[in-house]
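The structure appears right after this line, and notes come after that.
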């Protein structure tokens, strides 16, 4: 379930958007100003932020600049929501790093379509869509991890943390992720967990993938972190 942070100072709009998102299956949290939004993001990185431009105190645009300037939140997807419809405003928001820009009033269907489009591009593991690399397939709906070896369909038995870790790696193949990045994206509460915890769960993940003959897909990048590699034939395809 994708987690969406709605940063909106008008309670009626915030509650209406939250209701629509929850009905569509999203996990929603609310923040009424930039400070509350920073606290929420520091506590746990959301999968996406809906960010109002006009906020009390610090503007949404200024908050977006802060996030894009910080290594931890640099890749945080966000859609700017605003009544400002001028082209110059849209350009300013996109130049700041917004993934999309939606002017008020907007339809619930358009909002949901834009959210799903951004998540497909930026956080595919947040959607309930099966992912597959090197014949290793993870289905978030059935919670099954399978791979065809010869004539047999083999299934891996993963714990919940290893499942989330593999889901994230499969959704971002070939990219190197540091331990702190994995803690942010997989655990969410990195402040309270030792980075070496990642190593333990990577070891467990490899052990679970061993019977499927694909433990070597999860590579250690010395001094950097971990990545999920595509087999040569898979990459060529």
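The values are calculated or read from the model by the stated rules, or taken from the named source; none is laboratory data. What you see is a predicted model; the values in this text were computed from it and never measured. Cβ coordinates were reconstructed from backbone atoms using ideal geometry, including for glycine residues, and neighbour counts include every protein chain displayed.
Brief remarks on what is shown
- Residues in the stretch 87-112 that are closer than 13 Å to residue 64 by Cα, touching a strand residue (DSSP E or B) at 6+ places or on another chain (Cβ under 9 Å) and surrounded by 15 or more Cβ atoms within 10 Å (Cβ to Cβ): 7 in all.
- If the condition is being more than 18 Å from residue 154 (Cα to Cα), touching a helix residue (DSSP H, G or I) at 6+ places or on another chain (Cβ under 9 Å) and either at pLDDT 85 or above or surrounded by 13 or more Cβ atoms within 10 Å (Cβ to Cβ) (or both), then the stretch 191-208 contributes 193, 195, 196, 197, 198, 199, 201, 202.
- In a residue-by-residue description of the stretch 37-55, the property of being more than 20 Å from residue 107 (Cα to Cα), in contact (Cβ under 8 Å) with a residue 60 or more places away in the chain, in contact with a helix residue (DSSP H, G or I) (Cβ under 6 Å, 6 or more places away or on another chain) and not in a helix (DSSP H, G or I) applies to at least one position.
- Options 137, 147; residue that is surrounded by fewer than 18 Cβ atoms within 10 Å (Cβ to Cβ), in the same structural domain as residue 184 (by TED's automatic domain parsing), touching a strand residue (DSSP E or B) at 6+ places or on another chain (Cβ under 6 Å) and at pLDDT 90 or above: 137
- Residue within the stretch 24-44 that is surrounded by 14 or more Cβ atoms within 10 Å (Cβ to Cβ) and at pLDDT below 90 present: yes
- Candidates in the stretch 209-225 are the residues that are under 25 Å from residue 155 (Cβ atoms) and crowded, with 18+ Cβ neighbours inside 10 Å; of these, the one that is nearest to the chain's Cα centre (by Cα) is 218.
- Residue 18 being over 25 Å from residue 177 (Cα atoms), at pLDDT 90 or above, outside the structural domain of residue 142 (by TED's automatic domain parsing) and in contact with a strand residue (DSSP E or B) (Cβ under 6 Å, 6 or more places away or on another chain): yes
- If the condition is being in a loop (DSSP other than H, G, I, E, B) and over 23 Å from residue 217 (Cα atoms), then the stretch 94-133 contributes 97, 98, 99, 104, 105, 106, 107.
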